[in-house]
Structure formats: structure tokens, C-alpha cells
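J.: Let me give you the structure first, and then I'll get to my questions.
The values are calculated or read from the model by the stated rules, or taken from the named source; none is laboratory data. On a predicted model such as this, the values are computed, not experimentally measured, just so you know. Here Cβ is always computed from backbone atoms with ideal geometry, including for glycine, and neighbour counts include all displayed protein chains.
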Amino acid sequence: MKRFCFIFLSVAVLFLIPQWGVLAAITDPAGNTPSNTPYTSGEEYEIDRDAPTVVGINLLTGTPTNASTVIFEVTFSEAVTGAGLDDFSLNVTGVTGASIQSVTGSGTTYTLTVSTGSGSGTIALVIPSEATIQDDVGNSLDGLPITSADYVIDKISPETTLTGYPPSYANQTSATFLFNATDDGGAGVAYTECKLDTGSWEICTSPYEVSDLSAGEHTFAVRATDAASNVDSTPASYTWTIDTGAPTVVSITRLGTSPTNASQVQFSVVFSEAVIDVDAADFALTTTGGITGASIAEITGTGETRTVTVNTGTKDGTIRLDVSDTATITDLAGTGISNKPYTGDESYTIDKTLPQVVSIVRGDPNPTNAQSVTFIVTFSEPVVGVTPDVFTLTTSGTIQGAYIVSVTGSGTTYTVTVNTGTGSGTIRLDVTP
């Protein structure tokens, strides 16, 4: 509360001065007393010895903020002068390069524009004790130093993380996503937004569910915005594929020749799409003849194709690879094959019995003086690789220069033509050991 002292000068006819008990009178030289007394003066002095104070420092820019400049409004208890840049300072934490850019205003209200510099932290306005702000009669500002509330400066974008999502391949047309967001800038996360495929961003919370999705590839994204309006520039995203169709076995065929006496053979198994969880238990071997001990040795391959290696066991017969009705093979989305059991398309004929030479007999009359003769060679089963090199000639007497001319035939029977050379004696055809 201001205190004022008023001095009134009145010209009166009489002044009673109680302490002396004397009554004084104002007269002119002729002894006339004033005719207009009592008289009240029309002017007075206002005596102001009260110091001005700061009523408040308001933050005109919202806080927290990521703005490059903020504004403080300083209100004084009375009109002041002399408010300049040197009368203010900043109290900062975290940020660097903050500075007061300008001081404007007059009377009781002044506005200060402050550059927020770089980094994140807080900025407060300080009117220090050495401020030279005064009121109109020169009373200095009282109550110093005084510090404003903090502007929270947050120039760091929040981070968004996905913590739950569907498998990369799914057979469901709906999906649930879990996520969280953090903000290291100090403002705190204000809200999160979600987007599916090419749709628009919309405010969302975790958990977030999408449904009625079409088959094919989809992408979900989520981003956070903090209270200072910083937006996550690298939204968390996840891409997955919806596959509601069932895979099928397309074919099971031989990779090697048949018949064979190999201890192992291989089958190629082709599916309609990429599959997983393919193991020996998903297949069955069908054999005929006397084959025993046949088994699946190994399965290799990925995607749509597998190579199954089979031990052929012992004895002769046929081996076929089938997909069993208990197979647990699925596509990448977890859907099982729809056409099980599946019977293999091709079989191997397994022949592990060694062929034998049944006979080698003459093909022409004997004795003979012919320049060439033939032998008929019979095997126990069809054979290949029958060439002159597998035979030898045994001669007696004076025969010289006999040799094998040609070998013809196939299967179990071959004809060997022999040039009889010169001289007389015997010629025999043998199979080389």
C-alpha cells in the first residue's frame, strides 16, 4: 500500500497555536483581513517512496515446446522504465546457445523474446539483483532476484517400439500389435498413431487390432508424438503375409535312373508353395518284391522342393516314396497340406542280384572251315556293357590270328562273331573274369 503526505497551505484570518496560546491574524497594511478565508490550495505533491515489484512472469509460448523461440511476459506493479537486455538473464539446463533476443513494451508490461538454442532442457527468465529497472520517480525494483517458471525445451523425437506382432506368415485375417513409446527429451509422450498399408495415420493405443484383412502382404506402422509436438521420424513398422490357402503335393519323382542296384536313391518332392516342418515322419516307403530294411536317410531342401534320400535295403523289388496321411507339413502360415496321403508318381526298381552267364553256345555248324563263326551268349537277366573287351578266345592246334569281330544283341542274349584266323584246331569263347 502506498503512503502519501499532503501539505495544504491555507491563508486564514486567525491561527490558533495551542502550544503557545497565541491567536495570529493576517492583515494587509491597512489592517484588512482576507475576505476569502478559509482558502484551500488547488495543487498537492504526491510523495512516492514505494519500490515497484514484479507482479508475474508469464510463459506466453506453450510448454513443453520444440520452438526455436519462446516469449516471456513480465508484469510490474507500476509503470517502470529502463528495462533492457542487461536487466535480464537466463537460467538454463541442458540446452546450449539460448539467449535473449529482444525486450519490448512499456509501462507495466514488457515482452522478452528468447532463442532456445540447441538441445533439450529448461529455460527460465531471471531478473537479477543488479537490474536497473525503476519506476517513474527513480525507485528501484524490489524483491530481486526473481526467477520465472521453466520452459521445458524438447527437441528430441520420441522413439516407438513394436513388442508384439503376428508371425511373418499367418493364416488369420486379423492381427494384434503391441507397442510402447519413450521420450528422452523431457516433454513426455502425448499420443501414438497407427497406420495400415497405405492408409492414414490415426490415434491409437496398445494393444491395437486389425481385422478383415485380405490375403497377401500387409505393413503396419506406429509412431509417437511428444507433448512438444516432436514426431517420431522413424516409425516402427512390421510386414507380414496372410496366406489362407492350403498347400498341396505336386509331384514325387525319381532323381536317378531305374533299375538300379544303388544302396541309396533320391526322390524329388515338389509342393505348390513353400513349406516347413518336413521330416522323415511325414513320408512312407512302399516296397514290393523281397526288399527289406529300406528307410529314409536324409531330407534336404527348402521352399517348394525337398530331396529325399532313401536307403534301398537288401534284395530286389521296387521302392516308392509317398506322403503319409499323418504328415504334419505346413506352409509358412501354418496351414497343412490338403491332399494327403499322396502316392508317389514314380518308383525305383531295385536289382541287387548279380547277373550270371547262363551259356555260350555255337551259332554255326561244327566242324567248319568258315572264315568266321558265331557264338550265342545268354545271361540270367538283361545286361548292358557287352563289348568285345569282355570276351577272350581260347584256341588250340595251329590256329593263329583269330579275333572277335563284333558283338550284337541286347537284354539277355548277345551274338559274338569271331574271325577264325589261319590253321586248324579249336576256338572257344570265354567271358573275361
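J.: Would you mind stating whether Ala262 is of a type in the set (A, V, I, L, M, F, W, C), assigned to a strand (DSSP E or B) and more than 30 Å from Thr173 (Cα to Cα)?
T.: Judged against the criteria, Ala262 is not a match.
J.: Looking at Tyr348, is it surrounded by 12 or more Cβ atoms within 10 Å (Cβ to Cβ) and within 30 Å of Thr173 (Cβ to Cβ)?
T.: When the stated conditions are applied, Tyr348 does not pass them.
J.: Cβ-Cβ below 8 Å, separation at least six or inter-chain, first residue in the stretch 78-105 and assigned by TED's automatic domain parsing to the domain that holds Thr147 and free of Cβ contacts under 8 Å to residues at least 24 places away in the same chain, second surrounded by 13 or more Cβ atoms within 10 Å (Cβ to Cβ) and charged (D, E, K, R): which pairs?
T.: Short answer, once both residue conditions are applied: Val103/Asp87.
J.: If you take just the strands (runs of 3 or more DSSP E) that sit entirely in the stretch 291-382, which of them hold at least 3 residues that are among the hydroxyl-bearing types (Ser, Thr, Tyr) and farther than 16 Å from Ser251 by Cα?
T.: Here the list reads 372-379.
J.: Within the stretch 170-186, identify whether any single residue is in a loop (DSSP other than H, G, I, E, B) and among the aliphatic types (A, V, I, L, M), and answer yes or no.
T.: The answer is no, given that none of the residues of the stretch 170-186 is in a loop (DSSP other than H, G, I, E, B) and among the aliphatic types (A, V, I, L, M).
J.: In the stretch 308-349, how many are without any contact (Cβ under 8 Å) to a residue 60 or more places away in the chain and among the small types (Gly, Ala, Ser)?
T.: Within the stretch 308-349, residues that are without any contact (Cβ under 8 Å) to a residue 60 or more places away in the chain and among the small types (Gly, Ala, Ser) number 4.
J.: Look through the stretch 174-213, keep the residues that are of a type in the set (Asp, Glu) and either within 30 Å of Asp154 (Cα to Cα) or in the same structural domain as Ala333 (by TED's automatic domain parsing) (or both), and return whichever of them is surrounded by the most Cβ atoms within 10 Å (Cβ to Cβ).
T.: Only one residue fits best here, namely Asp183.
J.: I'd like the residue in the stretch 214-245 that is assigned to a loop (DSSP other than H, G, I, E, B) and crowded, with 17+ Cβ neighbours inside 10 Å and, out of all such residues, is nearest to the chain's Cα centre (by Cα).
T.: Of everything passing the filter in the stretch 214-245, Pro235 is nearest to the chain's Cα centre (by Cα).
J.: Looking at Ser251, Ser206, which is the one that is in a loop (DSSP other than H, G, I, E, B), small (Gly, Ala, Ser), at negative phi and modelled with pLDDT of 95 or more?
T.: Unique residue meeting the criteria: Ser206.
J.: Restricting to the stretch 187-203, name every residue that is under 13 Å from Thr225 (Cβ atoms) and assigned to a loop (DSSP other than H, G, I, E, B).
T.: Matches in the stretch 187-203: Ala187, Gly188, Trp201.
J.: Quick one: in the stretch 256-285, which of the residues that are in contact (Cβ under 8 Å) with a residue 60 or more places away in the chain and hydroxyl-bearing (Ser, Thr, Tyr) is surrounded by the fewest Cβ atoms within 10 Å (Cβ to Cβ)?
T.: Ser258
J.: Of the residues Leu90, Leu112, Leu85, Leu141, which single one is loosely packed, with under 13 Cβ neighbours inside 10 Å and over 30 Å from Glu273 (Cα atoms)?
T.: Going through Leu90, Leu112, Leu85, Leu141 in turn, just one is loosely packed, with under 13 Cβ neighbours inside 10 Å and over 30 Å from Glu273 (Cα atoms): Leu85.
J.: Pairs only if they're at least six apart or on different chains, beta carbon under 6 angstrom, first in the stretch 202-229 and under 16 Å from Ser168 (Cβ atoms), second modelled with pLDDT under 95 and among the hydroxyl-bearing types (Ser, Thr, Tyr); list them, first residue then second.
T.: Note: pairs meeting the criteria are Ala215/Thr244.
J.: Of all residues in the stretch 386-433, count the ones that are in a loop (DSSP other than H, G, I, E, B), among the polar types (S, T, N, Q) and more than 20 Å from Val358 (Cβ to Cβ).
T.: Qualifying residue count, the stretch 386-433: 5.
J.: Could you list, in sequence order, all residues of the stretch 326-346 that are under 27 Å from Gly256 (Cβ atoms) and not small (Gly, Ala, Ser)?
T.: Selection gives Ile329, Ile337, Asn339, Lys340, Pro341, Tyr342, Thr343, Asp345, Glu346.
J.: Ok, one more. Among the residues of the stretch 351-369, is there at least one that is in contact (Cβ under 8 Å) with a residue 24 or more places away in the chain, charged (D, E, K, R) and surrounded by 14 or more Cβ atoms within 10 Å (Cβ to Cβ)?
T.: Yes, the stretch 351-369 contains at least one residue that is in contact (Cβ under 8 Å) with a residue 24 or more places away in the chain, charged (D, E, K, R) and surrounded by 14 or more Cβ atoms within 10 Å (Cβ to Cβ).
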